[in-house]
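Worksheet for the structure shown next.
The values are calculated or read from the model by the stated rules, or taken from the named source; none is laboratory data. Values in this document were obtained by computation on a predicted structure and should not be read as measured data. Cβ placement follows ideal geometry from the backbone for every residue including glycine, while neighbour counts extend to all protein chains displayed. Surface accessibility is based on the protein's heavy atoms, side chains included, excluding ligands, DNA and RNA. Shrake-Rupley method; radii C 1.70, N 1.55, O 1.52, S 1.80 Å.
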Amino acid sequence: MNLYKATQAASTELPEVTIAEHLGVRTLHLSSDAIQGAMRMAVPDQIELEYVQQMMMWVLFKHEPQHIVQLGLGAASLTKFCYRNFAEARVTAIELNPKVITACHQHFKLPVNDERLQVLCMNALDYVNDSANQGKADVLQIDLYDAAAEAPALSSAAFYQACADTLNEDGMLTVNLFGNPHNYEANCTANLAALQEAFDAVVWLPLVHDANTVAIAFKQAPAVDFDDLYERATAIRLAYKLPAAKWVNGLKEWMAEQM
């Protein structure tokens, strides 16, 4: 059975979306208290959550992406940010739950699809396994969770290999490895191992928000010059209001720990 058609037919079984607001921040939830995304009402196009900001650390290494793909829409923070700030790039977002897409249009200021933006209601695994998408993306951003947010919804070596195949020769991905505190370390370790099978280099930042570790994976390991990265981080802070120097600190810390 075609998974996309089955998903569409069973859409009523997907988690319900609820919206909350507190101190000027609107949050998206899926049948639980777990926050699946957030937007500060005063600055709707900025990225509110720190781990979601970290998902943008690829911009330290790639300045002018042509095609950015987001797996898991959340509250559309990354999708909106990339659409607004990379005017030459196409932005594609894949989301399984049509209720999330509707909520993002109604409550989180997600623009309608156009020649640069495509939000597709489908399974992320179908997208990365489609041969028509292979070698087409510069960047993949992955934040895939169910309502319970126990662990990444897709995390196998085969999935990450399909992600690598979706990227072009010097493509890279960022992924949020959130999980239940009881099995977080095991899940994180398993995901990193699967990523390392599929990519030339994998690096991760220190944990934030209790149990969010963001990793970046490269199809081709980059040459790293920390002076250049700090200079680039300053430019990112000025252009995009993102705390990129913290990312460089985290990468430097990771490298020191590997020695």
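Some observations on this one:
- Separation of the alpha carbons by more than 29 angstrom is noted, of Lys109/Lys241; Lys109/Lys219; Lys109/Lys252, for Lys109/Lys219; Lys109/Lys252.
- Of the residues Tyr240, Tyr51, Tyr145, the one that moves most in a GNM of the chain with alpha-carbon contacts below 10 Å is Tyr240.
- Averaged over its residues, the stretch 181-257 has an accessible area of 55 Å² per residue, based on protein heavy atoms and a 1.4 Å probe.
- Other residues within the sphere of radius under 9 Å centred on the Cβ of Ala244, judged by their own Cβ, net out at +3 (K and R +1, D and E -1).
- Under the criterion of Cα pairs below 8 Å and six or more residues apart, the relative contact order for the chain equals 16 percent.
- Most mobile of Val69, Val224, Val17 in a GNM of the chain (Cα contacts under 10 Å): Val224
- Rough spin-label spacing in nm, given labels placed 7 Å along Cα→Cβ, for Glu115 and Ala42: 3.7 nm
- The chain shape via C-alpha gyration tensor axes, a/c threshold 1.5: rounded
- Near the amide H of Ile142, within less than 5 Å, lie the amide hydrogens of Leu71, Thr174, Val175, Asn176, all on another chain or at least 5 residues away, with H placed in the peptide plane.
- Whole-percent carbon and sulfur share, accessible surface of the chain, 1.4 Å: 51 percent
- Short-range pairs are left out: with C-alpha atoms under 8 Å and at least six residues apart, the relative contact order of the stretch 1-131 is 21 percent.
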